[in-house]
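Student: Could you have a look at this structure, given as structure tokens, before my questions?
The values are calculated or read from the model by the stated rules, or taken from the named source; none is laboratory data. Worth saying up front: this structure is predicted, and the values here are computed from it rather than measured. Cβ atoms come from the backbone with ideal geometry, glycine included; neighbour counts cover every protein chain shown.
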Amino acid sequence: MTEEHGGNLFLHRNMLDFSANLNPLGMPPRIREAVLAASADWAHYPDPDCTALTEKLALAEQTVPGRIVCGNGAADLIYRIAHAFRPRRALLCVPAFGEYAAALHECGCTVREHPLEEADEFRLTGSILPLLTGDTDMLILCTPNNPSGLCISPGLLQSIAQRCAENGIFLVCDECFLTLAGQSPACSLRPYLREHAVILKAFTKLFAMPGLRLGYAVCGSTETADKIRQSGQYWSVSAPAQAAGICALAQTDYVRESIAYIRHERAFLESALRDAGVRVFPSDANFLLLKCDPGLAGRMQQAGILIRDCSNFRGLSAGFFRIAVRTHDENLRLLAALGRCL
């Protein structure tokens with residue numbers, strides 16, 4: 001069976017995991033220490049408003065705390081946004097993260113798909129602009145896109161934001177991978193953020209802490225933020241996650257080191273994979289989309305390595321796979337196993 005998301009290591013023990021797109025440098029030790037140091041707070045309900053964390057996020061994002069909403073990972077916020085605004089008709093690019101469509105369908109929304117073409121290397125182009133008309137209530141974008149890994153060009157993102165504003169389309173831009181791409185803020189929606197728009201971010205990928213579940217939304221207005229805040233569960237962010245987030249925001253050296261490391265290893269992997277005869281699509285992110293033998297994922301799993309079979313992504317088919325950029329030693333192990341499996 002194809003996993004819905006990255007590989008579940010609780011089911012696949014002792015595997016080298018290239019299926020989850022996490023920072024290869026791992027969780028910074030200071031975050032782990034901060035979580036443990038705050039263990040006395042675990043005996044109490046967490047702050048439902050994430051007050052201390054939100055104040056620090058507002059400083060980092062150069063906005064006011066009232067426009068920040070924290071959640072139990074970015075996926076939690078996707079569902080809260082869908083339920084808060086209940087669009088009747090939404091537009092998604094495909095292939096894309098499956099939770100967008102799942103959240104919209106859960107709210108009874110009709111979803112229209114805009115296919116990203118393999119001939120364009122799954123890059124979003126201006127062909128989306130004529131679709132942004134008044135009969136669409138919500139558009140969800142991802143930059144860099146998952147699983148293709150490409151950022152939306154700043155000029156196109158500006159045009160999309162303008163078209164959405166003109167036609168009353170609520171715009172959601174998922175930027176969970178953007179910092180690791182090293183292209184933030186140049187490729188961010190931030191300069192074009194307006195009242196009915198939201199940027200999604202998460203600590204999950206950047207700080208390799210998916211088990212703690214922490215994401216946040218930067219909203220274009222306090223009214224938009226309030227509506228999202230009132231949707232979903234009351235205590236949506238645990239005390240350990242809040243402590244981790246506060247500490248993570250101070251790890252600026254770690255972020256710079258991660259960006260440089262990923263850029264170097266991504267280039268190394270791209271070159272080696274192409275030399276091995278694998279089709280590799282260009283990527284700005286900490287992962288790569290591949291096209292090769294449809295049976296590759298199963299053989300790699302037998303070799304002790306998990307890769308993401310992308311055949312269950314809308315717009316993709318058998319033979320597409322996504323691999324994370326990991327440490328150099330791990331990348332060498334991947335390439336060695338790949339050579340045997342191909």
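Student: Kindly indicate whether any position in region 196-203 is at pLDDT 95 or above and assigned to a helix (DSSP H, G or I).
Tutor: Within region 196-203, not a single residue is at pLDDT 95 or above and assigned to a helix (DSSP H, G or I).
Student: OK, next. Under the condition of being of a type in the set (S, T, N, Q) and part of a helix (DSSP H, G or I), which residue from region 166-195 is nearest to ALA75 (Cα to Cα)?
Tutor: So the residue we want is THR179.
Student: With within 22 Å of GLU117 (Cα to Cα) and either surrounded by fewer than 18 Cβ atoms within 10 Å (Cβ to Cβ) or acidic (Asp, Glu) (or both) as the only criterion, which of GLU270, GLU257, GLU330 stands out?
Tutor: GLU270
Student: Another question, then. State yes or no: is LEU180 at pLDDT below 95, surrounded by 23 or more Cβ atoms within 10 Å (Cβ to Cβ) and within 20 Å of the chain's Cα centre (by Cα)?
Tutor: For LEU180, the condition - at pLDDT below 95, surrounded by 23 or more Cβ atoms within 10 Å (Cβ to Cβ) and within 20 Å of the chain's Cα centre (by Cα) - is met.
Student: State which residue is nearest to GLY149 (Cα to Cα) when the search covers only region 270-282 and only residues that are in contact with a strand residue (DSSP E or B) (Cβ under 7 Å, 6 or more places away or on another chain) and either touching a residue at least 60 places away in the same chain (Cβ under 8 Å) or among the basic types (Lys, Arg) (or both).
Tutor: PHE281
Student: Every residue in region 207-225 that is within 15 Å of the chain's Cα centre (by Cα) and in a loop (DSSP other than H, G, I, E, B), please.
Tutor: Hits for region 207-225 are PHE207, ALA208, MET209, ARG213, LEU214.
Student: If GLU195 satisfies all but one of (1) on the phi < 0 side of the Ramachandran plot; (2) crowded, with 21+ Cβ neighbours inside 10 Å, what's the number of the condition it fails?
Tutor: Going through the list (1) on the phi < 0 side of the Ramachandran plot; (2) crowded, with 21+ Cβ neighbours inside 10 Å, GLU195 breaks only (2).
Student: What pairs come up if the first residue lies in region 22-48 and is of a type in the set (Phe, Trp, Tyr), the second is surrounded by 18 or more Cβ atoms within 10 Å (Cβ to Cβ), and their beta carbons are under 8 Å apart, counting only those six or more places apart or on different chains?
Tutor: From residues that are of a type in the set (Phe, Trp, Tyr), the pairs are TRP42/ALA239; TRP42/PRO240.
Student: Does LEU289 meet the test of being closer than 30 Å to LEU124 by Cβ, touching a residue at least 40 places away in the same chain (Cβ under 8 Å), outside any helix (DSSP H, G or I) and outside the structural domain of PHE203 (by TED's automatic domain parsing)?
Tutor: In short, yes.
Student: Taking ILE307 and the conditions (1) among the β-branched types (Val, Ile, Thr); (2) surrounded by fewer than 21 Cβ atoms within 10 Å (Cβ to Cβ); (3) in contact (Cβ under 8 Å) with a residue 12 or more places away in the chain, which numbered condition does it fall short on, given that it satisfies the others?
Tutor: Every condition holds for ILE307 apart from (2).
Student: Looking only at residues in region 121-159 that are among the hydrophobic types (A, V, I, L, M, F, W, C) and either assigned to a loop (DSSP other than H, G, I, E, B) or touching a Gly at 6+ places or on another chain (Cβ under 7 Å) (or both), which one is nearest to THR110 (Cα to Cα)?
Tutor: Filtering region 121-159 for residues that are among the hydrophobic types (A, V, I, L, M, F, W, C) and either assigned to a loop (DSSP other than H, G, I, E, B) or touching a Gly at 6+ places or on another chain (Cβ under 7 Å) (or both), the one nearest to THR110 (Cα to Cα) comes out as LEU132.
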